[in-house]
Amino acid sequence: LSAPGLTSFPEGGTAAVFGASGGLGAALTEAVRASGRFASVVGFSRGGAPGFDLTDEASIQAATARLAEGPPLRLAILAAGVLHGPGFRPEKSWRDLDASALRTVFEVNALGPALLMKHVLPLLAADGRSAFVALSARVGSIGDNEAGGWYAYRASKAALNQMVRTAAIELRRRRPQALCVSLHPGTVDTALSKPFAKTGLSVRPPETAAADLLEVVDRLQPDQSGGFFDYAGQAIPW
Ligand SMILES: NC(=O)c1ccc[n+]([C@@H]2O[C@H](COP(=O)([O-])OP(=O)(O)OC[C@H]3O[C@@H](n4cnc5c(N)ncnc54)[C@H](OP(=O)(O)O)[C@@H]3O)[C@@H](O)[C@H]2O)c1
């Protein structure tokens with residue numbers, strides 16, 4: 001697998017991956033490192049130091065404060081997210097809706113990412129190309145929802161997409177060359193998808209998905225900021 005060159009980014013900056021302990025987060029961190037394009041590649045996770053927890057704004061602030069000290073921030077990727085956890089699984093029916101599960105999924109997939117943008121977008125390099133990339137999911141598309149189910153996950157990713165779009169509009173005024181986008185990685189073989197990967201569905205290794213996602217990031221143009229794209233670079237309906 002050849003590492004994407006990420007040559008659209010000026011050399012020597014910082015890249016950061018939030019949720020670097022996950023299947024996709026680890027593969028993305030590795031591929032960003034392998035590009036050799038950045039002077040510093042930093043991975044953040046709950047188990048790291050400083051700890052990065054999307055449900056704790058102070059930890060988000062502490063993690064991002066570190067980035068302010070390094071070379072200019074060129075690429076920030078949010079690779080954290082939740083679909084199932086202790087005591088909850090994606091809902092098959094409205095009968096399964098549960099306030100505490102809804103709260104947890106929204107907190108990690110939508111509220112935390114909004115707070116991350118609050119702290120990280122002001123740190124993007126003042127000049128030249130930079131990008132904030134949030135891993136979303138096609139099932140967060142309202143226009144594309146034909147199957148139903150998965151209420152909390154779908155709605156939290158739809159909320160994430162709206163946050164990204166809204167922040168992109170504000171970012172454009174300050175950093176005209178910056179990107180702020182939501183990306184769908186495809187169905188990828190990780191702990192998140194494992195219980196739900198149906199046979200026959202194409203499930204890809206995280207390394208392949210990471211390489212594809214970074215190729216898309218490398219190709220996206222500033223006028224596509226605020227958009228929602230799949231791992232092939234195709235726009236996904238809202
Ligand atoms: N895999 C797929 O098929 C697929 C499809 C569409 C979209 N996505 C999206 O891709 C992203 C990455 O998923 P993945 O497949 O790599 O899943 P994964 O292997 O389960 O990784 C999830 C990551 O999220 C982190 N995380 C969970 N709760 C957190 C919190 N409160 N604060 C900070 N980090 C937290 C985990 O950190 P810990 O190690 O600390 O638990 C882990 O790094 C998610 O946003 C997911 O929705 C995945």
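Nothing in this text is a laboratory measurement; each read-out follows from the coordinates by a stated rule. This one's a predicted model, so the numbers in the text were calculated from it and none came from an experiment. Note that each Cβ is placed from the backbone with ideal geometry, even for glycine, and that neighbours are counted across all protein chains shown.
Residue check: Leu135 meets all listed conditions (1) crowded, with 23+ Cβ neighbours inside 10 Å; (2) touching an Asp or Glu at 6+ places or on another chain (Cβ under 9 Å); (3) not polar (S, T, N, Q) but one, namely (2). In contact with a Leu (Cβ under 8 Å, 6 or more places away or on another chain), more than 16 Å from the ligand (Cβ to nearest atom), in contact (Cβ under 8 Å) with a residue 60 or more places away in the chain and not small (Gly, Ala, Ser) - does that describe any residue in segment 12-29? For segment 12-29, residues in contact with a Leu (Cβ under 8 Å, 6 or more places away or on another chain), more than 16 Å from the ligand (Cβ to nearest atom), in contact (Cβ under 8 Å) with a residue 60 or more places away in the chain and not small (Gly, Ala, Ser): present. Examine segment 153-174 for a residue that is surrounded by 14 or more Cβ atoms within 10 Å (Cβ to Cβ) and part of a loop (DSSP other than H, G, I, E, B), and state whether such a residue exists. No: zero hits.
Screening segment 163-210 for residues that are of a type in the set (Lys, Arg) and within 16 Å of the ligand (Cβ to nearest atom) and picking the one that is nearest to Gly128 (Cα to Cα) gives Arg204. The set of residues from segment 122-152 being assigned to a loop (DSSP other than H, G, I, E, B), hydrophobic (A, V, I, L, M, F, W, C) and out of contact with any strand residue (DSSP E or B) (no Cβ under 8 Å at 6 or more places or on another chain) comprises Ala126, Ile142, Ala147, Trp150.
Pro90: surrounded by fewer than 19 Cβ atoms within 10 Å (Cβ to Cβ) and within 16 Å of Thr64 (Cα to Cα), yes or no? Considered against the rule, which asks whether it is surrounded by fewer than 19 Cβ atoms within 10 Å (Cβ to Cβ) and within 16 Å of Thr64 (Cα to Cα), Pro90 comes out as no. If we keep just the residues of segment 177-202 that are polar (S, T, N, Q) and without any contact (Cβ under 8 Å) to a residue 60 or more places away in the chain, which is nearest to Asp223 (Cα to Cα)? Per the stated criteria, the residue is Gln177. Are any of the residues in segment 82-94 within 30 Å of Asp223 (Cβ to Cβ) and under 15 Å from the mean Cα position of the chain (by Cα)? Among the residues of segment 82-94, not one is within 30 Å of Asp223 (Cβ to Cβ) and under 15 Å from the mean Cα position of the chain (by Cα), which makes the answer no.
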